[in-house]
1. Within segment 177-190, is there a residue that is surrounded by 20 or more Cβ atoms within 10 Å (Cβ to Cβ), touching a residue at least 24 places away in the same chain (Cβ under 8 Å), small (G, A, S) and over 13 Å from V222 (Cβ atoms)?
2. Under the condition of being among the hydroxyl-bearing types (S, T, Y) and open to solvent by 50 Å² or more (accessible area, probe 1.4 Å), which residue from segment 50-81 is nearest to the chain's Cα centre (by Cα)?
3. Restricting segment 1-29 to residues that are of a type outside the set (A, V, I, L, M, F, W, C) and closer than 19 Å to A142 by Cβ, which is least open to solvent (accessible area, probe 1.4 Å)?
4. I'd like the residue in segment 30-40 that is in contact (Cβ under 8 Å) with a residue 24 or more places away in the chain and open to solvent by less than 40 Å² (accessible area, probe 1.4 Å) and, out of all such residues, is farthest from T100 (Cα to Cα).
5. Cβ contacts < 7 Å: first residue more than 22 Å from D5 (Cβ to Cβ), restricted to segment 91-118; second residue among the β-branched types (V, I, T) and open to solvent by 50 Å² or more (accessible area, probe 1.4 Å), any location; separation 6+ or different chain. Result?
6. Being acidic (D, E) and either crowded, with 16+ Cβ neighbours inside 10 Å or closer than 15 Å to G42 by Cα (or both) is the filter here; which residues of segment 100-138 pass it?
Amino acid sequence: MRVRDIMTASVVGVAPTDPLEKAVGLMLEHGISGVPVLGVGGHVVGVLTEGDLLRRSELDTEPGRSWLGDWLRSPGRAASDYVRTHSHRVIDLMSDSPVTIAPDATLREAVDMMLAHRVKRLPVIQDGRMVGILSRADLLRALMRAASGPTETVSDVQIQNEITEEYRRQSKWAGEDFIHVAVQDGVVELTGTILDERLRVAARVAAENTRGVTSVIDHLEVVEPMTDGAMPMRI
């Protein structure tokens, strides 16, 4: 899946010269936690987020400092801090190095970028212009659609084969020789031995995520590695 498949194309934005009150009003009206700042021709020049507005003189939330910290602060830094806590212009408060992404990027690339830069949204840029925005909410909506996909009629044999194949792909923790699968009328029964309780949960999740499964019955037994009567799993 690509960014363009789930991004929000109708973008709410502000101009650098707009007042802070306009940006805050848009965030509240649309239920969003940040807005892109658009310059001439629709080019993204920054992003204004809730995090940029936490330290404000109106709320008496300006950062406290020890006398030593205040003494060490340069006049330039003190002036900058004053602007961020007192200015009512978007350009003075926005982050001016926005992290952006292309519409043909994968969702894996988008999530990696969000986590690496600790951002909740990515302006989507094509040919230098903003064509959409990808937010964590867009990812949640895509997850909901994927999780509630259409129900399929699948035979018990197909279900058993798909679960076994998934265990084979996950051979780091699921050795198919030690987790056995039986299926009847969509009900999966897991038997065998495992060496770690956490494998039980993973085995159940893999089975539950298989098409056509209605429920999973877990009869797996946890044994200590190399004890009598138990063979070690391939970990």
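The values are calculated or read from the model by the stated rules, or taken from the named source; none is laboratory data. Computed from a predicted model, the values in this text were never measured in an experiment. Please note: Cβ atoms are built from the backbone with ideal geometry, for glycine as well, and neighbour counts cover all protein chains shown. The accessibility values were calculated without ligands, DNA or RNA, using every heavy atom of the protein model including side chains. Shrake-Rupley method; radii C 1.70, N 1.55, O 1.52, S 1.80 Å.
1. Scanning segment 177-190, I find no residue that is surrounded by 20 or more Cβ atoms within 10 Å (Cβ to Cβ), touching a residue at least 24 places away in the same chain (Cβ under 8 Å), small (G, A, S) and over 13 Å from V222 (Cβ atoms), so the answer is no.
2. Going through the qualifying residues, I end up with S80.
3. T8
4. Selected residue: S33.
5. These pairs meet every condition: I91/T17; D92/V83; D96/V45.
6. D127, D138
Each row is one residue, and each column tells you yes or no for (1) in a helix (DSSP H, G or I); (2) among the hydrophobic types (A, V, I, L, M, F, W, C); (3) over 20 Å from G13 (Cα atoms); (4) over 30 Å from the mean Cα position of the chain (by Cα).
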position: L48; (1), (2), (3), (4): no, yes, no, no
position: V83; (1), (2), (3), (4): yes, yes, yes, yes
position: D92; (1), (2), (3), (4): yes, no, no, no
position: V119; (1), (2), (3), (4): no, yes, no, no
